[in-house]
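The values are calculated or read from the model by the stated rules, or taken from the named source; none is laboratory data. All values reported here derive from a predicted model rather than from experimental measurement. Glycine also receives a Cβ, built like all others from the backbone with ideal geometry; neighbour counts cover every protein chain displayed.
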Amino acid sequence: MVRHGAIHDGLAAARPLHTFSHLDVRLSVDQQQEVATLELEGTATFIRLPILAAKLERVPGNVELRVDFEHLHHIDHACLDLLMEWAKQHEGTGGTPVVDWDSLHSNFQSNNRNRRTDYAHVT
């Protein structure tokens, strides 16, 4: 027989796991305007790399892609590398990536400094 408290404890422990492993990636494309927006929300880690890569593969080559990471809590090195490499390839196909690299890099660097005391968050 399972105690009610044990179930509650398990659910309480699962909540942070979901928060720190969840990534929502939304892509909207306006072919007429030749603009796409990629919205990242949650935590972008190597565990979610296939999700991010799959969305990036769906971006048409000729569009301006605006990357919105306003609701991104964390990005790790693997996802940051994927975005940077993909941006180079996208430019090679005639597309234009619009990413605030300075802000994203500074958030990544501050995340790594804070990692010892708290889970790294993009602010």
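Somewhere in the stretch 14-26, is a residue surrounded by fewer than 14 Cβ atoms within 10 Å (Cβ to Cβ), among the small types (G, A, S), at pLDDT 95 or above and touching a strand residue (DSSP E or B) at 6+ places or on another chain (Cβ under 8 Å)? No, there is no match, as no residue in the stretch 14-26 is surrounded by fewer than 14 Cβ atoms within 10 Å (Cβ to Cβ), among the small types (G, A, S), at pLDDT 95 or above and touching a strand residue (DSSP E or B) at 6+ places or on another chain (Cβ under 8 Å).
Let's see how each residue does on (1) at pLDDT below 90; (2) within 17 Å of D24 (Cα to Cα):
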residue	(1), (2)
V35	no, no
E39	no, yes
R48	no, yes
L56	no, yes
F69	no, yes
H73	yes, yes
E85	no, no
T96	no, no
N112	yes, no
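Would you check if there is a residue in the stretch 83-97 being assigned to a strand (DSSP E or B) and aliphatic (A, V, I, L, M)? Among the residues of the stretch 83-97, not one is assigned to a strand (DSSP E or B) and aliphatic (A, V, I, L, M), which makes the answer no. Among the residues of the stretch 66-88, those identified as under 21 Å from Q33 (Cα atoms) and not β-branched (V, I, T) are R66, D68, A87. Scanning the stretch 49-81 for residues that are surrounded by fewer than 19 Cβ atoms within 10 Å (Cβ to Cβ) and assigned to a helix (DSSP H, G or I) yields L49, P50, I51, A53, A54, K55, E57, H77, A78, L80, D81.
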